[in-house]
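Peer 1: The structure is given below, and queries will be raised subsequently.
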Amino acid sequence: MIWFVPSDLSDIIFGVFRERILSILFFLLFLFILSGNERVQFWTRIALLFSVFIAVVSNLYEFLCPFSFVPLFSEYANPGRSAGFYINANMSGSALILGMIFTIGLLPQKYRISFVLLVLLAILVTVSRAALLGWPIVVFVFMRVHLLRRSQAFFAMIIVGLSLLFLLPWYLEYIQSGNNINVENITQRIDWFSNPFSSKDDSSNERHYVAKLSWEMFTNSPLWGNGIGSTEVWSHEVSTHNTYLRFMADFGVIGAFILPLFLLAVVWKARGEARQTAFPFAIFVLFFGFFSHNVVEDYVTLVAFALMAAMTYRSRLSDDKIISN
């Protein structure tokens with residue numbers, strides 16, 4: 001409420017404020033539903049596992065049959081990048097990784113490597129840089145928390161490297177043969193991985209521009225910020241593509257700590273299996289915050305936050321019961 005006062009109180013600002021309130025209520029509602037007992041959490045994770053498989057199939061189908069979910073004339077069309085039912089390719093990639101984090105523990109050890117590779121295949125066709133960079137980070141954390149054996153993780157990396165070596169030329173040829181595919185956008189995204197700091201594709205240029213603009217807003221008012229929704233009413237048509245910069249522009253220096261503190265509250269003192277899930281979840285969300293400004297507003301992510309908080313809560317209760325007995 002404090003940062004709502006210095007805003008210009010336009011319809012856009014009221015819309016942002018209303019969206020923040022609805023996001024909080026949505027999170028609390030799912031937290032209440034999922035905190036009831038461990039069976040609710042288990043079946044929620046089973047449903048998530050099926051959702052991951054559906055997302056994999058839909059992404060691959062859209063890759064083979066472009067415009068199956070979003071027609072070419074739609075403003076949300078992104079020719080050459082699969083998104084399936086998520087419509088947005090970046091959201092699809094992040095949802096797949098979050099689903100993988102919460103469900104890999106349900107699978108027997110021998111099937112886990114196949115699962116993470118299947119998820120990667122669906123992420124590859126999104127051409128989402130955040131998801132493609134986030135996947136190996138999460139796999140490494142899986143190894144550290146013993147959700148994947150070290151030999152499995154290294155085997156996965158070898159398979160991925162060899163597959164990219166042999167399949168990338170075919171992939172480029174395939175998209176170039178397609179009709180209405182934005183080949184330049186795809187090739188620029190692929191080139192970005194070879195030299196991310198000198199890439200000049202439209203998306204990178206836009207991200208650099210809005211990052212610079214939001215940083216200038218922060219430095220102009222580092223203590224109190226510019227008020228809620230400040231990056232929604234500026235001259236550029238999109239926001240920051242960065243949760244940290246968005247909150248810093250809105251709330252000043254305290255904004256840099258909102259996402260980390262929210263995560264800390266969600267995973268604090270997680271035990272057992274919840275702890276194994278908490279580490280990759282927290283690390284991926286912290287990482288993804290540098291690529292998206294909607295981390296704490298996107299409903300997919302909010303459900304993940306609620307499930308993680310509920311798992312942490314139940315794990316602490318179970319641990320306390322064991323100690324008391």
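Peer 1: Along the three principal axes, how long is the range 211-310 when you take its alpha carbons, biggest first, rounded to the nearest angstrom?
Peer 2: 47, 25, 18
Peer 1: Something else now. Under a point-charge model restricted to the Cβ atoms of Lys and Arg (+1) and Asp and Glu (-1), what is the dipole moment magnitude of the range 2-324 relative to its Cα centre, in debye to the nearest 20?
Peer 2: For this selection, approximately 1540 debye.
Peer 1: Now a separate question. Which one of 261, 25, 142 has its Cα pushed farthest toward the positive end of the charge dipole of the chain, where Lys and Arg give +1 and Asp and Glu give -1 at the Cβ?
Peer 2: 142
Peer 1: Using just the alpha carbons, could you tell me how many Å³ per residue the convex hull of the range 204-262 encloses?
Peer 2: Output value, Cα hull per residue: 70 Å³.
Peer 1: Out of the range 15-120, which GluC sites (Glu not before Pro) are coil in DSSP terms and have no more than 11 other C-beta atoms within 10 Å?
Peer 2: Passing sites in the range 15-120 are 75.
Peer 1: Could I ask something else about it? Spin-label point model (7 Å from Cα, Cβ direction): what's the residue 33 to residue 74 distance in nm?
Peer 2: Modelled inter-label distance: 2.4 nm.
Peer 1: Two decimals is fine: what is log10 I(q)/I(0) at q = 0.09, 0.21, 0.22, 0.23 Å⁻¹ for the range 1-116, from a Debye sum with one equal scatterer on every Cα and no solvent?
Peer 2: Values returned for q = 0.09, 0.21, 0.22, 0.23 Å⁻¹ are -0.40, -1.09, -1.12, -1.15.
Peer 1: Same structure again: As I understand it, the dipole of the range 2-324 uses +1 on the Cβ of Lys and Arg and -1 on the Cβ of Asp and Glu, about the Cα centre. Which of 99, 249, 60 lies farthest toward its positive end?
Peer 2: Of the candidates, 99 comes out farthest on the positive side.
Peer 1: Convex hull over the alpha-carbon atoms of the range 246-296: what's its volume per residue in Å³?
Peer 2: In the range 246-296, the Cα hull volume divided by residue count equals 66 Å³.
Peer 1: What is the P(r) of the chain, as percent of Cα-Cα pairs per 20 Å bin from 0?
Peer 2: In order of increasing distance, the bins hold 29, 58, 13, 0 percent.
Peer 1: Mean Kyte-Doolittle hydropathy of 0.0 or higher plus an axial Cα length of 18 Å or more: which whole DSSP H helices in the chain meet both?
Peer 2: Both cut-offs are met by 11-34, 38-64, 89-103, 109-124, 129-144, 150-177, 272-288, 299-324.
All of the numbers you see were taken from the coordinates with simple rules; none came from a lab. Just so it is clear, the structure is predicted and the values come from calculations on it, not from any experiment. Virtual Cβ from ideal backbone geometry, glycine too; neighbours counted across all protein chains shown.
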